[in-house]
1. Can you go through 31, 41, 23 and tell me which one is in contact with a Pro (Cβ under 9 Å, 6 or more places away or on another chain), buried (at least 18 other Cβ atoms within 10 Å of the Cβ) and not small (Gly, Ala, Ser)?
2. Please specify each residue of region 130-168 satisfying the condition of being assigned to a loop (DSSP other than H, G, I, E, B) and either open to solvent by less than 70 Å² (accessible area, probe 1.4 Å) or modelled with pLDDT of 95 or more (or both).
3. Which pairs turn up if I take residues in region 115-135 that are within 18 Å of residue 74 (Cα to Cα) and polar (S, T, N, Q) and look for partners that are part of a helix (DSSP H, G or I) and open to solvent by 60 Å² or more (accessible area, probe 1.4 Å) with beta carbon separation below 9 Å, at least 6 apart in sequence or on another chain?
4. Kindly provide the set of residues from region 24-42 that are in contact (Cβ under 8 Å) with a residue 24 or more places away in the chain and either more than 20 Å from residue 152 (Cβ to Cβ) or in a helix (DSSP H, G or I) (or both), ordered by number.
5. I'd like to verify a number: residues in region 56-109 that are without any contact (Cβ under 8 Å) to a residue 24 or more places away in the chain and open to solvent by less than 10 Å² (accessible area, probe 1.4 Å), how many?
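The values are calculated or read from the model by the stated rules, or taken from the named source; none is laboratory data. The structure displayed is predicted, hence computed values, not measured ones. Virtual Cβ from ideal backbone geometry, glycine too; neighbours counted across all protein chains shown. Side chains included, ligands, DNA and RNA excluded: accessible areas come from the protein's heavy atoms. Shrake-Rupley method; radii C 1.70, N 1.55, O 1.52, S 1.80 Å.
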Amino acid sequence: MNISKTKKLTTIAMLCALAYAAVIVGRIPLVLFLKYDPKDVIIAIGGLIFGPITSLVITMTVSVIQMFTISGTGILGCIMNIISSCSFACTAAFIYKKKHKLSDAMLGLFCGLACQASVMMVWNYLITPIYMGYPRDIIAGMLIPVFLPFNLIKGGLNAAITMLLYKPVITALRRLNLIDAKTNSEK
């Protein structure tokens with residue numbers, strides 16, 4: 001394994017650890033049983049740096065660890081976490097990967113927010129009745145007044161925080177020589 005691959009692997013592992021720490025420290029209850037945590041910010045930053053596959057790897061790693069340590073929702077919660085985080089971060093990273101410009105990062109994060117909100121409406125309808133034990137018609141009645149605003153707030157916070165932190169994080173990683181100066185240099 002060469003030095004470049006080792007640095008990339010080390011950086012991704014560090015991002016996984018930071019994302020997990022964000023789940024533990026940053027969980028904020030918003031509505032009913034729904035909690036905001038800023039892990040998607042770190043997952044999105046990893047994706048913006050290395051691409052959408054990295055977002056997927058970080059998401060799966062953190063979600064599985066979360067399932068076995070602090071989550072009370074088991075495998076269904078893990079699946080929901082993976083779907084939610086990937087729909088946001090992988091979408092943003094995929095769009096940003098085409099052209100590394102600020103406008104594409106903003107477009108990617110906005111599309112990630114829209115994708116996450118719409119995808120989670122479907123998955124909340126399908127999965128939430130199973131692990132919450134509520135009848136599906138009650139969950140269907142909660143989709144617009146509860147789940148949609150929660151997902152829009154969550155995605156909006158994640159997009160805004162990612163925009164604020166991306167440049168300082170990538171600058172710090174370059175100074176630490178963990179990523180090349182040419183990695184995702186903005187035009």
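1. Sole residue among the options that is in contact with a Pro (Cβ under 9 Å, 6 or more places away or on another chain), buried (at least 18 other Cβ atoms within 10 Å of the Cβ) and not small (Gly, Ala, Ser): 23.
2. Of everything in region 130-168, those that are assigned to a loop (DSSP other than H, G, I, E, B) and either open to solvent by less than 70 Å² (accessible area, probe 1.4 Å) or modelled with pLDDT of 95 or more (or both) turn out to be 133, 135.
3. Here the result reads 128/136, each pair linking region 115-135 to a residue that is part of a helix (DSSP H, G or I) and open to solvent by 60 Å² or more (accessible area, probe 1.4 Å).
4. Scanning region 24-42 gives 24, 39, 40, 41, 42.
5. 2
Conditions tested, residue by residue: (1) farther than 23 Å from residue 102 by Cα; (2) at pLDDT below 95; (3) assigned to a helix (DSSP H, G or I).
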site: 1; (1), (2), (3): yes, yes, no
site: 7; (1), (2), (3): yes, yes, yes
site: 17; (1), (2), (3): yes, no, yes
site: 22; (1), (2), (3): yes, no, yes
site: 44; (1), (2), (3): no, no, yes
site: 47; (1), (2), (3): no, no, yes
site: 55; (1), (2), (3): no, no, yes
